[in-house]
Every structure is written in C-alpha cells, then in structure tokens.
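Encoded as structure tokens, the structure appears first; notes follow it.
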Amino acid sequence: MNDKISSKIDPLLLLGVERADKEDIKSLRAVKDKLPSVKSLHPGIQSLQRNMSETNLKRFLRTDKVSVMVATTDNKSVAKVVADNKGTYNELTSNKMLIRIPRAALMNLAQCAEISYVEASTRLELHCDAAHRSTGLIVNNQRTVPQTGKGVLVGIIDSGIDTNHEAFKKDGKTRIVEYWDQIRNRRYKSDQIDQGKATESPDTVGHGTHVAGIAAGNGSGSEGNIYQGVAPEADLAVVKTTMETGDIAKAIKDIFKLADKRKQPCVINLSLGGHFGGHDGTTIAERAIDQLSGPGKLVVVSAGNENQKPIHAGTILPKEQPEPVRWVADFELRPGKYDGQVLGYMALQVWYHHEDDLTVQLRSPNGELFTAPMGIEKDQYHVSVKHEKAHYSNDNVVTIQVITLPLPQLLSGWSLIVTESTPGGVRVGSVHAWILSRSFGRFTGGNSTSCLVGMPGTAYSAITVASYATRKEWDSQSLTDLHMNLEAMNLEDISYFSSEGPTRDGQNKPEIAAPGQYLISTLSSAAPPMELPMEYRVKDINYVALQGTSMAAPYVTGALALLLEKDGTIDWSEAKRRLIKSARLDTHSGPCWNPRWGYGKIDVEKLLTIEPT
Amino acid sequence: MTNSLKKFLESRDKDKDGRPKKLKVLVTLKVSHPDKKSLKRLKEIGLSVEDIIDHIVIGSIAADKEEALKADPLVSEVERSQKLDFTS
C-alpha cells in the first residue's frame with residue numbers, strides 16, 4: 001500500500017482495507033500489531049486492539065460497508081467518486097461529508113485528491129457492550145432488532161434500585177412504574193419516585209441496580225449509551241426483597257397483578273437462589289412460580305454460581321449386589337457467627353427415590369453413628385437427624401443438622417453413610433446430598449459437580465440461565481488498577497462458576513446461556529466500595545462491571561421482553577421453545593443440551609425471528 | 001452441654017424477648033382458593049395470612065405453633081420460607 005495514501009486513512013479503517021486486499025486474518029492481525037501503543041490511540045481503537053479476538057476479527061471481516069467522515073476540498077468531486085464506487089453520502093458542511101461505501105473501495109476514496117483525511121465515523125467505533133455483539137443484538141454498532149421492550153413490564157426482585165440513575169428515566173421522568181420495599185414495607189408509585197421519595201429505600205448492595213440495567217437500562221450516562229440494556233424502553237416494576245421465598249412469591253404475584261392492571265405482558269427476573277429442597281422444582285415456592293406463570297407472564301432465574309463449590313455429593317448406587325450397597329460422603333463444618341456466637345453449624349439434606357429402601361446415617365468424628373429419627377445433645381455438639389417423605393414427590397428426605405463448638409477436632413471428620421436397608425432395596429439408586437448454604441462447610445468426599453442448579457431455578461416453568469464470558473477488561477476507578485485485565489479468562493467460554501444441571505429428576509436445566517462475565521451495567525450510588533470495589537467501577541461513569549449468573553439471567557429477561565413486545569401472549573413453554581430453537585452453538589458450547597450450557601448461547605436476533613408453533 | 005451451645009439452641013426459635021419466633025411459612029391446603037371458613041381455621045391455629053396463590057397460603061406463625069399447623073387436616077404441607085442468596 002502507498003504510504004502517502006494510507007496516511008490519509010484512520011488506522012481503524014486501515015484494518016478493513018487490509019482485509020479487503022488480503023482476506024487474511026493473519027495479515028490483519030499483523031497490521032493490528034503494528035498500530036501505535038494502545039494508550040496513544042483513540043478509545044474506540046484501543047478497545048479494538050485490546051478486544052479483537054479471532055471471533056471479532058471474523059465478524060469485522062463480514063462487514064460489507066463502512067461509514068466514514070471525510071474532510072474535502074470539493075464535495076461535488078468527492079460525491080462523484082462515491083457514486084462511482086457504489087456508495088452513498090450526506091453533505092454535513094461545505095467541506096465535510098458522511099460517506100457509506102464498500103470497504104473494498106476505501107482506497108479509491110483515499111486516492112481522491114479532494115479528500116484530505118478519511119476518518120471512521122463514530123458509528124464505526126466499537127462502542128456497544130461486548131455482550132450485545134456476542135448475542136447478535138448489536139452488529140456494526142446497530143441493533144439488529146426493532147424491538148426495545150416498549151409496552152412490556154420488566155419485573156426485578158432483588159436488592160432494590162437506584163431510582164435516581166439516569167438509565168431508568170425517560171425525558172427526566174422515571175420508567176419505574178412501581179417500587180416496593182418489602183423490608184420497610186413501603187410502596188412508591190412513579191410520581192412519588194419522581195418526587196424523590198423512593199430514595200428512602202436505596203439499593204445499598206448495588207446488585208438490583210446492576211441487574212435492572214442489564215435487562216432494561218437505557219445506557220444514559222455512558223458515552224453513546226454504550227452500556228444500554230437489552231430492553232431499554234421497557235417499563236420497570238422493582239421489589240426490594242427480604243430474600244425469603246415467601247416474600248419472593250408474594251412479589252411475583254404482585255408484579256404480575258400490576259402487569260394485568262396495566263394490560264402489559266411481563267417478564268420477571270430472579271437473580272437469586274438457594275439449595276434447600278429436592279432440586280426438582282417441587283418446593284412450594286417453586287410451585288407458586290409455576291402457578292403464577294402463564295401466557296404473557298414469564299419468570300427467568302439464574303442457575304447459580306456453585307460450579308466449583310463442593311456443596312453437593314451424589315451417586316448412583318448399583319442394583320442387585322451380593323452384599324448390601326454402601327456409600328460414604330465426608331464433610332467438614334466451617335466456623336461462623338450464629339446469633340452472636342462462634343460455632344460450627346451444618347444443615348444438609350439427603351434425597352433418594354421413594355422406591356428405594358435405604359438407611360442414612362451420620363457419623364461423628366469420633367465414630368458415633370446417628371440414625372433418624374434422632375436428636376442428640378452431647379457436651380460439645382448437638383445433632384439432629386430427621387427422615388420424612390416429601391409430600392409432592394413422595395421421595396425420601398433426611399435432614400441433618402450439626403451444631404458444634406468451633407474446635408478443630410469437631411469441625412472435620414463428619415460423614416454421611418448410606419446403606420441398602422434390605423436385600424434388593426436399591427431399585428432406582430440415585431442419592432443426592434446438598435449442604436444448604438456454602439457458608440456452612442463443604443463435602444470433602446463423594447462430591448459431584450452435577451445437579452447444582454439452585455432453587456427456584458429448578459422450577460418447571462422458570463427459564464434458567466447459565467453464564468458465559470464476554471468481557472475481561474475495563475478502565476476502572478481504582479487508583480492502583482487503572483486498567484483491569486483478567487487475562488486468564490477465555491472469552492466466549494462458559495463461566496467457571498456457572499452451576500451445572502440437570503435437576504435431580506432429570507429436567508434439562510439450565511436451558512440457555514447468556515453473557516454474565518463481566519457485564520458493565522448501572523451502578524447504585526448508595527452501594528459502598530465494600531460491596532462494589534473501586535476496581536470494578538468503570539472510570540468516569542456510574543457503571544460497574546460484575547459477574548455471575550445473576551448478570552446472565554437479566555440478559556435473557558431483557559431478550560424475552562423484546563419477544564413479548566412482538567407477541568405478548570407467549571407462555572413459558574413457547575418462550576423456551578424459541579430460545580432453544582434459536583440458540584447458538586459453537587466450539588465452546590459443543591453439542592447441546594449439555595449440563596453446563598443448556599441448549600446453547602442466546603441469539604437475540606434469531607430469537608425474534610422464530611415463528612410460532 | 002456447654003453453656004454457649006445451650007444458649008444457642010435455646011435462642012434459635014425465640015425472639016429477643018424470649019417469645020417464640022415468628023416463622024414465615026408457605027402452606028399448601030387440601031382445597032384450592034380457601035374459603036372464609038378455611039381462613040378462619042388457619043387463623044385459629046395461629047397463622048396470620050399474608051397472601052394466597054391458588055391453594056398456597058403465605059403467612060407467618062409462632063415457632064411453637066408450627067407442628068399444630070402441620071397436623072391440621074386442612075393442611076397438606078408446611079414449608080419454612082427460606083432465605084436465598086444473590087447469584088453474583
């Protein structure tokens with residue numbers, strides 16, 4: 001390439017020129033490497049240089065036309081060159097033009113004597129969030145779908161919301177139609193929110209504000225609205241919850257009732273979970289979700305972040321063995337503060353099929369065996385073992401509780417022992433045990449990475465979401481880490497923490513994977529640095545980078561808001577069908593369904609093209 | 001049993017004033033859409049009803065009344081409301 005000509009072209013565009021010439025990713029990569037050091041470049045190019053993975057390069061290659069701004073000495077002559085090269089133009093001033101032209105013709109433009117410089121138009125800068133590029137919502141910095149969530153109610157049941165954040169306003173008025181603070185038992189209508197009354201119920205955790213921004217923030221406060229959520233024109237109904245399942249069920253009912261009153265379809269996001277119950281969708285709380293969901297009423301739940309947390313042990317016991325079958329799972333307690341006292345506390349449940357005849361025992365570190373029903377109080381610890389039949393599934397559940405003094409010899413060395421009670425007692429043989437909270441301790445033997453989707457993610461009607469990675473860098477507010485770069489992360493791969501399915505009864509959950517690591521979204525002004533450290537806060541703006549299936553779920557919530565805008569009568573089974581049919585598979589996901597990815601990556605553009613059954 | 005363990009066990013189901021703690025519960029009934037009579041019965045047992053979703057009743061009850069609620073012929077299941085965690 002002639003150096004004089006190439007010097008007239010913005011380096012960002014130069015990449016495209018090379019592509020048009022050579023159609024070769026390797027040579028394009030070489031050009032990229034030759035660019036000046038990152039810090040001296042325009043932010044858009046910095047972003048490109050840092051983030052340009054092979055996938056991005058391929059996407060870049062597919063771009064047929066580019067928009068450029070040119071400085072001219074004669075617009076008319078330039079207009080002719082544009083027309084000759086099958087481009088279009090707008091005259092901005094007497095010596096500035098906005099031109100859209102095939103990328104391959106850029107050199108012809110640069111060769112034009114009447115043009116002094118060809119610059120990438122702002123639309124060419126990679127200014128959308130990485131997640132949207134991955135899901136096909138944004139291609140070439142433009143939304144690929146006309147839907148924006150308009151006329152749809154998005155429900156967020158979480159830690160609350162920063163009602164003052166510009167991303168939740170339109171023309172200075174709030175887009176939050178109702179905000180219910182369950183903790184203080186206060187409700188705020190939109191006019192009260194506009195009067196500033198809802199600031200009495202701030203989001204001091206910052207989780208809910210971030211989640212709401214992913215689903216429905218409009219990106220205000222970020223340059224070019226780059227951190228816009230998926231459904232930026234949806235209405236919002238927010239509940240600051242106590243986190244208790246009973247109150248969450250009430251909140252779901254309340255939001256759906258509000259949607260009915262407003263004659264709007266509605267999708268509710270639950271970025272929370274726990275590990276009690278049979279992990280089969282049969283807790284009363286989960287059945288309440290099934291009961292409340294219906295046409296135009298959807299509930300999205302995060303799968304959970306327990307993938308590398310040893311809180312589940314499980315096995316399939318072999319049938320028809322000559323000797324009674326026996327399985328052991330060891331666990332240890334983690335000392336914690338309970339009601340102001342430091343103690344070891346463990347609560348776990350063992351579940352097995354109603355046709356199996358098994359005995360579950362607890363063995364203490366000094367070898368004592370406890371069998372249900374039993375409540376034992378020793379000098380240094382208390383044990384209770386309780387056997388019940390679960391009402392809904394009729395399966396067996398043994399609930400074990402251990403409370404000990406925080407002495408090292410009493411914190412480790414505990415075991416669950418499951419044995420066949422009678423010959424032929426193993427008929428199904430599936431045994432699962434869950435520690436109800438990871439803060440209680442961990443299994444040290446018998447661990448299993450499957451069946452880690454938490455409740456209410458195991459609810460039948462819930463659309464359950466896994467997380468994959470789309471971002472590992474941002475400029476932060478931290479004084480020590482100005483530029484965060486999590487180099488070890490594999491973009492487009494499943495998040496290490498994303499909980500694996502299926503459910504205990506074999507349902508294919510999670511159903512779908514969405515960007516959840518890291519997502520930049522709205523920052524609550526009330527969240528202290530202890531909750532959201534400075535290195536995760538994005539430089540100069542009220543946005544923060546967070547990770548978790550908590551972030552992946554609202555991405556799907558936003559996408560379903562777009563779907564409901566198109567067809568407000570869709571129910572959960574149809575929503576799942578369309579998500580599954582449109583899901584994207586790649587080398588990371590492999591064949592799907594699989595327990596990490598569900599049916600694959602969400603593809604928002606395709607989701608909105610799937611025809612009804 | 002050591003004092004600290006005893007104190008913890010005793011305080012688990014009691015509030016600061018030593019009264020039985022109020023538990024939030026989800027209850028399924030053997031009837032859907034409970035009528036006035038059923039609701040009156042639940043109130044007599046000690047359940048203060050907060051919301052109803054078909055045959056599911058959400059309410060709160062003193063810890064020492066939980067067993068009586070479970071044993072009532074009107075009631076199918078009683079599930080303690082559980083505290084969930086954020087998944088981030």
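The values are calculated or read from the model by the stated rules, or taken from the named source; none is laboratory data. Keep in mind it's a predicted model, so treat the numbers as computed, not measured. Note that we place each Cβ from the backbone using ideal geometry, even for glycine, and neighbour counts take in every protein chain shown.
Quick notes on this one:
- Considering A:GLY296, A:GLY277, the condition of being at positive phi, in contact with a Gly (Cβ under 7 Å, 6 or more places away or on another chain) and either of a type in the set (Lys, Arg) or touching a residue at least 40 places away in the same chain (Cβ under 8 Å) (or both) is satisfied by A:GLY296 alone.
- Answer residue from region A:520-549, given it is at the interface with another protein chain (Cβ under 10 Å from one of its Cβ atoms) and either among the β-branched types (Val, Ile, Thr) or in contact with a helix residue (DSSP H, G or I) (Cβ under 6 Å, 6 or more places away or on another chain) (or both) and is farthest from A:THR209 (Cα to Cα) among those: A:THR549
- Residue within region A:273-292 that is more than 14 Å from chain B (Cβ to nearest Cβ) and within 16 Å of B:ILE53 (Cβ to Cβ) present: no
- Taken over region A:111-146, the criterion of being part of a helix (DSSP H, G or I) and either at pLDDT 85 or above or not aliphatic (A, V, I, L, M) (or both) is satisfied by A:GLN111, A:THR122, A:ARG123, A:ALA130, A:ALA131, A:HIS132, A:ARG133, A:SER134.
- Only helices (runs of 4 or more DSSP H) whose full extent lies in region A:155-263 are considered here, and the ones with at least 2 residues that are within 14 Å of chain B (Cβ to nearest Cβ) and without any contact (Cβ under 8 Å) to a residue 60 or more places away in the chain are A:245-261.
- Residues of region A:254-304 that turn out to be touching a helix residue (DSSP H, G or I) at 6+ places or on another chain (Cβ under 6 Å) and over 20 Å from A:LYS576 (Cα atoms), as a count: 1
- For region A:315-333, a residue qualifies if it is more than 14 Å from chain B (Cβ to nearest Cβ) and surrounded by 17 or more Cβ atoms within 10 Å (Cβ to Cβ), and the qualifying residues are A:THR315, A:LEU317, A:VAL325, A:TRP327, A:ALA329, A:ASP330, A:PHE331, A:GLU332.
- Verdict on A:GLU531 being within 25 Å of A:GLY294 (Cβ to Cβ), touching a Gly at 6+ places or on another chain (Cβ under 8 Å) and in contact (Cβ under 8 Å) with a residue 12 or more places away in the chain: no
- For region A:506-513, the criterion of being touching a His at 6+ places or on another chain (Cβ under 9 Å), in contact (Cβ under 8 Å) with a residue 40 or more places away in the chain and in the same structural domain as A:ALA198 (by TED's automatic domain parsing) is met by no residue.
- Meets criteria (at pLDDT 55 or above and over 28 Å from A:LYS539 (Cβ atoms)) for A:ILE5: yes
- Residue that is surrounded by the most Cβ atoms within 10 Å (Cβ to Cβ) [pool: residues in region A:353-403 that are away from every other protein chain (no Cβ under 14 Å) and touching a Gly at 6+ places or on another chain (Cβ under 7 Å)]: A:LEU358
- Any hit, region B:36-50, residues being more than 10 Å from every other protein chain (Cβ to nearest Cβ) and among the hydroxyl-bearing types (Ser, Thr, Tyr): yes
- Pairs linking a residue in region A:534-563 that is in contact (Cβ under 8 Å) with a residue 24 or more places away in the chain to a residue that is part of a helix (DSSP H, G or I) and among the basic types (Lys, Arg), with Cβ atoms under 9 Å and 6 or more positions apart or on different chains, are A:LEU563/A:ARG578.
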